[in-house]
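The values are calculated or read from the model by the stated rules, or taken from the named source; none is laboratory data. As the structure is a prediction and not an experimental result, all values here were calculated from the model. Reconstructed Cβ throughout: ideal geometry from the backbone, glycine too, with neighbour counts over all protein chains shown.
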Amino acid sequence: MRDYRETPDHVKEAERAVIGTILLENYHYQDIENIITAECFSDHRLRGIYRAIQSLILKGEPADIITVKAELQGRTNIDPIFIEGLTDDIPMTQNIKAYAQIIQDYHRRYDLAEQAENMLQRIDQDPNIDPDKLIQNFIDHLEDGATVHDDGLEPWTFEDMVQEFRKTREGLKTGISGLDKKVRIKPGAITIIAGRPGEGKTTLLYNIMLRMAKENPKLHFLFMSYEEAKKKLAKKMLINLSGIVLSKDPGNNQEEFENMLRNPGYTIPEDSMAGWLSGTEDLSDLLKSGRVTINDRQPDIMSLVRILRGFSRRYGENAGPVFIDYVQQIPNRDKAASTRQVIIQDISNQIKKAAIRLDLPIVMAAQLNREAQPTGKNGGEGFPYISMSRVRESGDIEQDANTIITIQMSPDKRTVGLHVVKNREGETSVPGENPIYLDYDAPVLRMEDGRVYPGRIDR
């Protein structure tokens, strides 16, 4: 194997050419800022100079030989003569992107070789190590952009912080006005929809997703279904989008839609034709364009993380929320896990790491115990408050979530109540407070901003 600790001459030349080009013409910085970071430079002196250039440019100040030396004064022992020589003999400034790509490629190969060596050492030390976990850790390291050049001790500056925030995507609205007053679905964070069986968790998930898809036409969405087959879920989305009522009985309406989809000769009522055409066109566009992807293969947690990684890589900044239905159904092949709670803890932790690492918004359903009883001042009237500790095997699910929303369905299946029981960056519900009400139109599977619930405490 080639020794990647020996930096090739052409890489050293590319590193100097990138720095020299920016020092001569600062506008070239924007050409390469998304290709390389300071950690990509093999020469520690160039890493320090690149950070100084970043700091000056982010402050709106010029970055040339004189200003960079002033920026570094007292902070490093880089020889000023070395800095002055960086603008000499630059091949072609317009080729800076190509030079940056050379640096990035070598940086990745260097890191790959180093981590492969570390894997071999771990196998030698522990022949019984779980190969799946070893591979996952290896992939996680590469996705994190970790590097042997970065020991975590380099200063993280105010300018670094500003740059990170400039890259941060804004949280998304759910399309439910009462909920949007309290929460946003944020990248790099987990939002949990928690409820007992049959309370409408899945329905709320795809209602939110379809609203988001309508309001954010550039984004792509992924729905991981561990509960229902892809065709069943797509059928429900079609019912929701079309708004057609072929039977006022919710179950019969779904059966009629299945008959309509199975039977080419099915006669669609004239007053339903417009809704049918609109719904089929909308769903077809969402699925064909890849803006909505439904995955019903029920992958284990390691495969799920790989799918999330592929989704993020494919769509980049246009990767929207991933919806998971539901967390307790995700398989885990870890034979060392001793209890169900430990398994769920591991699953939750891995999803959280993936969300942060990939900067993905994750919205996942979680099951409350059937025997979980509401708490709070409402005393069972209307939609009483349910604490987040009631989430089944809650432990780490509760801790890993940025936001937890509980959902309850009225006995007549016409009204839904939501409580925001955890929200790290905003307002929460409190015991005794009236919930966020949604009207549930069961035949068409729609949840809309609701009216006053008859059994609730008045506002």
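I'd like the full set of residues that are within 15 Å of the chain's Cα centre (by Cα) and under 12 Å from residue 291 (Cβ atoms), limited to the range 206-227.
Those that are within 15 Å of the chain's Cα centre (by Cα) and under 12 Å from residue 291 (Cβ atoms): 209, 212, 219, 220, 221, 222, 223.
Looking at the range 87-109, which of the residues that are of a type in the set (A, V, I, L, M) and farther than 17 Å from residue 53 by Cα is surrounded by the fewest Cβ atoms within 10 Å (Cβ to Cβ)?
92
Within the range 268-279, how many residues turn out to be loosely packed, with under 12 Cβ neighbours inside 10 Å and either of a type in the set (A, V, I, L, M) or farther than 15 Å from residue 247 by Cβ (or both)?
Qualifying residue count for the region: 2.
Tally the residues that are surrounded by fewer than 14 Cβ atoms within 10 Å (Cβ to Cβ) and under 18 Å from residue 25 (Cβ atoms), restricting the search to the range 60-83.
Matching residues across the range 60-83 total 4.
What residue, of 77, 26, is farther than 25 Å from residue 110 by Cα and under 34 Å from the mean Cα position of the chain (by Cα)?
26
Can you tell me how many residues in the range 186-199 are within 15 Å of the chain's Cα centre (by Cα) and surrounded by 22 or more Cβ atoms within 10 Å (Cβ to Cβ)?
Residues that pass the stated criteria total 5.
Could you please give the count of residues in the range 51-102 that are part of a helix (DSSP H, G or I) and among the charged types (D, E, K, R)?
5
Would a scan of the range 240-255 turn up a residue that is touching a residue at least 60 places away in the same chain (Cβ under 8 Å), among the hydrophobic types (A, V, I, L, M, F, W, C) and assigned by TED's automatic domain parsing to the domain that holds residue 190?
Looking for residues that are touching a residue at least 60 places away in the same chain (Cβ under 8 Å), among the hydrophobic types (A, V, I, L, M, F, W, C) and assigned by TED's automatic domain parsing to the domain that holds residue 190, one finds at least one in the range 240-255, hence yes.
Which condition number in (1) surrounded by fewer than 23 Cβ atoms within 10 Å (Cβ to Cβ); (2) at positive phi is the one that residue 445 fails?
(1)
Listed residues 372, 401; which is within 25 Å of residue 223 (Cβ to Cβ) and either of a type in the set (A, V, I, L, M, F, W, C) or modelled with pLDDT of 80 or more (or both)?
That would be 401, the only listed residue that is within 25 Å of residue 223 (Cβ to Cβ) and either of a type in the set (A, V, I, L, M, F, W, C) or modelled with pLDDT of 80 or more (or both).
Among the residues that make up the range 40-53, is at least one of them among the β-branched types (Val, Ile, Thr) and touching a residue at least 40 places away in the same chain (Cβ under 8 Å)?
no
Residues 270, 199: which one is closer than 20 Å to residue 449 by Cα and of a type in the set (Asp, Glu)?
199
Scanning for something in contact with a helix residue (DSSP H, G or I) (Cβ under 6 Å, 6 or more places away or on another chain), charged (D, E, K, R) and modelled with pLDDT under 90, does the range 12-23 turn up at least one residue?
The answer is no, given that none of the residues of the range 12-23 is in contact with a helix residue (DSSP H, G or I) (Cβ under 6 Å, 6 or more places away or on another chain), charged (D, E, K, R) and modelled with pLDDT under 90.
Which residue out of 225, 289 is under 30 Å from residue 359 (Cα atoms), loosely packed, with under 14 Cβ neighbours inside 10 Å, out of contact with any Lys or Arg (no Cβ under 7 Å at 6 or more places or on another chain) and at pLDDT 90 or above?
289
Among the residues of the range 13-50, how many are closer than 21 Å to residue 161 by Cα and outside any helix (DSSP H, G or I)?
6
Go through the range 24-39 residue by residue and tally those that are in contact with a Ser or Thr (Cβ under 7 Å, 6 or more places away or on another chain) and modelled with pLDDT under 90.
Matching residues across the range 24-39 total 1.
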